[in-house]
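Okay, structure first, notes after.
The values are calculated or read from the model by the stated rules, or taken from the named source; none is laboratory data. Quantities reported herein were computed from a predicted structural model and do not represent experimental measurements. Cβ: placed from backbone, ideal geometry, glycine included. Neighbour counts: every protein chain shown.
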Amino acid sequence: MTGAGTELGLLGRLFRAADPTPARAVSRAYRLGRDLAGGAAARRFVLLSDSADVSGAGSEGGEGERGLVFAVAGRVLDLALVPEEPGLLRASGMLLSRSGQPVPGGEVVFRHPAGTRRGELDAGGGFRVRAVPAGPVSVLLRPRTGAWAVTDWFVC
Amino acid sequence: MATVTEPGHSCGTAVLVRRVAGGDERAWRDLVDRNGGIVWGAARAYSATRADAEDVWQATWLSLAENLHRLRDAEALPGWLVTTARRESLRLARARRRESPAGLDGVLTETADDGGDPESAALRSVLAARLARAFSQLSGRCQQLLRVMAVAPEASYEQISRALGVPRGSVGPKKQRCLRTLRQRMLALGGVEEPEVAL
């Protein structure tokens, strides 16, 4: 082994010993495999409606509320975004089957440029996530059963 | 120069990718196990904190899951993962307006809670601490380059150049310069004799 190889080898061992991948991070990565096994591939929600696109539309659910509806095979995501404080939004909504039945249990993840905000799907398929940064987001739904799906990035 | 990848290894990766695309959860875990060190190394090389690196780690695997069907060359997977981790890290850094790499500044203090296992005991050895200190005194770019090369020793210079976004011809000279500086720092801190003994 060369001197450089030895040093890089030592550094590699140092990193592995002193700074290993956190077990919880590995578990989360493994979970993606379960999701893939459930659906074989990431599925993309299609945007069906966006109250922000309706010119002059008033908010349906309250002042400043924006409603979006996404769909993917067998699933409908009904999402509401409400300003919470400057630069932050409160997201709430529900994941339903195509027949309108709630999809209980699972995780909803709002991905944004600085990280993620997470919430749980309750027994009625509902969720609420606070402090979602205004700006580009993508929503990932990971129901306990069935495939997971993700929206394209949009600006909220 | 290092070889690109061992033939058997790349063949195995190609098979794993096909199995994952077919919904094989076990194959996905194998992919994570096989490439986790590279992804974590790249995430740490370009992230300011372990918490940021965890976000980058997850975003990288999520991106792979989303783009697996587009991956044509399994051999290129490690490079793709490093590139993705670097981009995710820089995106996060821009968003948080922090550009400094983690390096090893906090590696002896900001480590996993792994108690008193033998590896931790070794880490506390004088030489390991000295190596960590010498590494932390390198420039950010040197830390990033050496960190990625240390966790992906089989990567070719071409893969490294693509993954880190640096000219291919500069990888070798930069690596030598960074290692030379590392040796000088080690010497200044008290020597590099018999490093194998301590680690």
Contact list please: Cβ distance under 9 Å, first residue in segment A:133-144 and within 11 Å of A:G105 (Cβ to Cβ), second residue assigned to a strand (DSSP E or B) and of a type in the set (A, V, I, L, M, F, W, C), pairs at least six apart or on different chains.
A:R142/A:V108; A:R142/A:V109; A:R142/A:A149; A:P143/A:L95; A:P143/A:A149
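Inside segment A:90-109, can you point out the residues that are closer than 19 Å to A:V69 by Cβ and within 13 Å of chain B (Cβ to nearest Cβ)? So that I can check it myself, show each step before the final result.
Initially, segment A:90-109 is screened for residues closer than 19 Å to A:V69 by Cβ, giving A:90-103, A:106, A:108-109.
Passing the criteria: only A:V109.
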Pairs only if they're at least six apart or on different chains, beta carbon under 6 angstrom, first in segment A:16-29 and within 7 Å of chain B (Cβ to nearest Cβ), second of a type outside the set (S, T, Y) and in a loop (DSSP other than H, G, I, E, B); list them, first residue then second.
A:A18/B:V107; A:D19/B:V107; A:P20/B:A112; A:P22/B:A112
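Of all residues being part of a helix (DSSP H, G or I) and without any contact (Cβ under 8 Å) to a residue 40 or more places away in the chain in segment B:66-75, which is nearest to the other protein chains (Cβ to nearest Cβ)? Just the residue, please. Before you say what the answer is, go through the steps one by one.
Pass one, segment B:66-75, residues part of a helix (DSSP H, G or I): B:66-70, B:74-75.
So of that shortlist, the ones also without any contact (Cβ under 8 Å) to a residue 40 or more places away in the chain come out as B:66-67, B:70.
Numbers: B:E66: 4, B:N67: 8, B:R70: 11 Å.
So the residue we want is B:E66.
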Pairs needed: first member in segment B:183-196, within 13 Å of another protein chain (Cβ to nearest Cβ) and within 16 Å of A:G12 (Cα to Cα); second member anywhere, surrounded by 13 or more Cβ atoms within 10 Å (Cβ to Cβ) and modelled with pLDDT of 55 or more; C-beta distance under 6 Å; at least 6 residues apart or different chains.
B:P195/A:L10; B:P195/B:L127
Restricting to segment B:26-65, name every residue that is more than 8 Å from chain A (Cβ to nearest Cβ), touching a residue at least 60 places away in the same chain (Cβ under 8 Å), part of a helix (DSSP H, G or I) and not hydrophobic (A, V, I, L, M, F, W, C).
B:Y46
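Yes or no, residue by residue, for (1) modelled with pLDDT of 95 or more; (2) β-branched (V, I, T); (3) more than 20 Å from B:S63 (Cα to Cα); (4) out of contact with any helix residue (DSSP H, G or I) (no Cβ under 7 Å at 6 or more places or on another chain):
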position: A:A123; (1), (2), (3), (4): no, no, yes, yes
position: A:W148; (1), (2), (3), (4): no, no, no, no
position: A:D152; (1), (2), (3), (4): no, no, no, yes
position: A:V155; (1), (2), (3), (4): no, yes, no, yes
Return a yes/no flag: does segment A:6-24 have any residue that is modelled with pLDDT under 85 and under 15 Å from the mean Cα position of the chain (by Cα).
no
Go through segment B:77-90 and count every residue that is over 13 Å from the mean Cα position of the chain (by Cα) and either without any contact (Cβ under 8 Å) to a residue 60 or more places away in the chain or facing chain A (nearest Cβ under 9 Å) (or both).
3
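Any idea how many residues of segment B:17-48 are among the charged types (D, E, K, R) and closer than 15 Å to A:F15 by Cα? First the steps, then the outcome.
Within segment B:17-48, the first condition is being among the charged types (D, E, K, R), and the residues that meet it are B:18-19, B:24-26, B:29-30, B:33-34, B:44.
So of that shortlist, the ones also closer than 15 Å to A:F15 by Cα come out as B:44.
So the count comes out to 1.
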